[in-house]
Amino acid sequence: MEATCWSDYLCPWCYVGQHRDALLSRLGVTVVHLPYELHPEIGPEGRRVRADGRLAATFDRIAAECAEADLPFRRPERMPNTRRALETAELVRRHHPEAFAAVHRGLFAAQFATGDPLDDADVLDAIVAAADAPADAVRALVDRGEGAPLVDDAMARAREVGVSSTPTWVLDGGFVVPGALDPATMERWVTKLVARHDRAEHPGPDVRA
């Protein structure tokens, strides 16, 4: 069984969503990650994060979930434009799939653990190189504009299936799992879906006389 997950590297719930990815994998679901540009309106200067009011409460929840999932968490002070990061990740997934998981983790860590700017091309190069992918080659692809249509296509696919927030998982058959779903409920839902999928794939013998 396969699930497609749309996410953005500035989304804190997507960062926590790595724990839900692991849960899906344990349940026998293969997760395919696609980019979703959550805030294309953010300019090159980025946007300052004001950790007060409702946002402060959100970060408190994120911090608690990260602690439970053993994920380091540092409250971001700035939201970058993530277009280049999304293009970089998608190009790695397409051309160097063996390195994608490490790049995916590294980009999230930059935003929510180390505080490295995701809109800095040198930071992206370092993350790609740390995953043993050819950073210079990937950067050249981004600079030539080859990542842009890939992200656009992923966004179009998201709209086709009704995805408008991150993270969102869409399982075989079109079943949508929103990122706000708690892990226990997600496990119950997906366990039932996997069992139903397995029965459809491997029906029992016909016992009719």
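None of the figures in this text is laboratory data; all of them are computed from the coordinates on show. The structure displayed is predicted, hence computed values, not measured ones. Don't worry about glycine lacking a Cβ; one is built from the backbone with ideal geometry, like all the others, and counts go over all protein chains shown.
What number results when the radius of gyration of segment 2-201, computed over Cα atoms, is divided by 2.2 N^0.38 Å? Present the calculation step by step, with values, prior to reporting the outcome.
On the way: Rg = 16.7 Å, N = 200, 2.2 N^0.38 = 16.5 Å.
Ratio of Rg to 2.2 N^0.38 Å for segment 2-201: 1.01.
Please report the relative contact order for the chain, taking Cα pairs under 8 Å with a sequence separation of at least 6, and give it as a percent rounded to a whole number. Walk me through the numbers before you get to the answer.
On the way: 276 pairs, mean separation 60.0, N = 209.
Answer for the chain is 29 percent.
Suppose each label sits 7 Å from its Cα in the direction of the beta carbon; what would the Asp52-Arg144 distance come out to in nanometres?
Once both label points are built, they end up 4.9 nm from each other.
Using the alpha-carbon atoms, what tilt in degrees (0 to 90, nearest 10) does helix 183-201 show relative to the longest principal axis of the chain?
With both axes taken from Cα atoms, the answer is about 50 degrees.
Return, in residue-number order, each cysteine of the chain whose C-beta is not under 4.7 Å from any other cysteine's C-beta.
Here Cys5, Cys66 come out as lacking a disulfide-compatible partner, given the Cβ-Cβ threshold of under 4.7 Å.
Kindly express, to the nearest 10 degrees and within the range 0 to 90, the angle between helix 53-68's C-alpha long axis and the longest C-alpha principal axis of the chain.
60
Which value in deg cm²/dmol, rounded to the nearest 500, describes the helix-derived mean residue ellipticity at 222 nm for the chain, given -39,500 (n - 2.57) per DSSP H run of n ≥ 4 and division by the residue count? Let's see the in-between values first.
Details: 8 runs with 108 residues, N = 209.
Computed mean residue ellipticity for the chain: -16500 deg cm²/dmol.
Roughly what angle does helix 97-109 make with the longest principal axis of the chain, taking Cα atoms, 0 to 90 degrees, to the nearest 10?
60
Exposed loop GluC sites (Glu not before Pro) only (DSSP loop, at most 10 other Cβ atoms within 10 Å): please give the longest stretch of the chain free of them, not including the sites. Before the final figure, lay out each step's value.
On the way: sites that count: Glu41, Glu45.
After excluding every exposed loop site, the longest remaining stretch is 46-209.
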